[in-house]
Amino acid sequence: MISFNNKAKQFLVLIIKLLIVSGAFYFIYSHLAHNEKLDWSKFISLLKEKQSIGNISLILFLTFLNRFLEILKWQNLVKVIREISLGEASKQVLGALTAGLFTPNGIGEYAGKALFFSKDKAKKVVFLNLICNGIQMLLTILFGIFGLLYFNANFKVITTATVGVLFGALTLLLLILFFTKKISIKGYSLEKLIHKINEIPKPIHRKNILLAIGRYLVFSHQYYFLFLIFDVQLPYLILMATITSVYFLASSLPSFQFLDFAVKGSVAVYFFGLLGVNEWIVVFISTLMWFLNTVIPVVIGSYFVLNFKAQWKS
């Protein structure tokens, strides 16, 4: 009976692995093949025209560096539980990314990483992943707000009064959070969360912040260099302000990882349209960014999913 149960469990795990990987490849193919905004003949023609060893090397290097910095962030944070190698950190980050492909805002990534640890460490792993993603989101908000202000100062998308109202609302929200931080809901409160964050050694926090800043700069400048390669000639500050604004607004919208390029692409089309950039160029670049930073890591992560052995033990 025990042998039968073990075999049934192994079979179920295999089916889940195959569903995750096949589902990932299906969604990738579906959204690349059936995107009506993509004129593939024009896209391939332009890529051939713009291809050079320098351009390809730069973009691929930034693609690698973007995910490598994320792996270093996770390796650094998980020291709170135990030391892991760079290879193990890579396996956990890329495998979890694949597992979270179908979930809103990559929530499945949290469960994916937890499965690499014993059951008693699950809550700690989820919390550390929250810290890992949280600092990236805070940077997206911070750079995005400054980008929006600079963009708005040049193009007057919204009135000064509206900007004032938005900042007033943000200030009010922060005040509410401050004065209600001790209020507990089902044993959880903002004060307890801050206390748990402070339990993590400061050197780990500092390194996490530095790596997150590096990753943000790499990611945003990869977008910037792609626009230059596609002959979009705009002042650096305007182009970067638009990129940071797009990422801020797109990240505020609930979406799935496999729809990421569609969400960011839609927001980007509006903002870059105000700058006079052709819509199809914006769509192609957004799709290329998604392919480089999501599809390629997911393909690699699929290998780790298929070879995954759960550490989920009591």
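The values are calculated or read from the model by the stated rules, or taken from the named source; none is laboratory data. As the structure is a prediction and not an experimental result, all values here were calculated from the model. Heavy atoms of the whole protein, side chains included, go into the accessibility calculation; ligands, DNA and RNA do not. Shrake-Rupley method; radii C 1.70, N 1.55, O 1.52, S 1.80 Å.
Remarks
- Largest accessible area first, the residues LEU97, LEU193 order themselves as LEU193, LEU97 under a 1.4 Å probe with ligands, DNA and RNA left out.
- Estimated at the nearest 10 Å², the accessible area of PHE248 is 40 Å² with a 1.4 Å probe.
- In this view, the solvent-accessible surface of ASP231, computed with a 1.4 Å probe and all protein chains in place, comes to about 90 Å².
- For the set PHE116, PHE146, PHE225, PHE61, solvent exposure ranked by accessible area (probe 1.4 Å, protein chains only) runs largest to smallest as PHE146, PHE61, PHE225, PHE116.
- Largest first, the residues GLU70, GLU88 sort by 1.4 Å accessible area into GLU88, GLU70.
- Nearest-10 value in Å² for the accessible area of PHE219, using the 1.4 Å probe: 50
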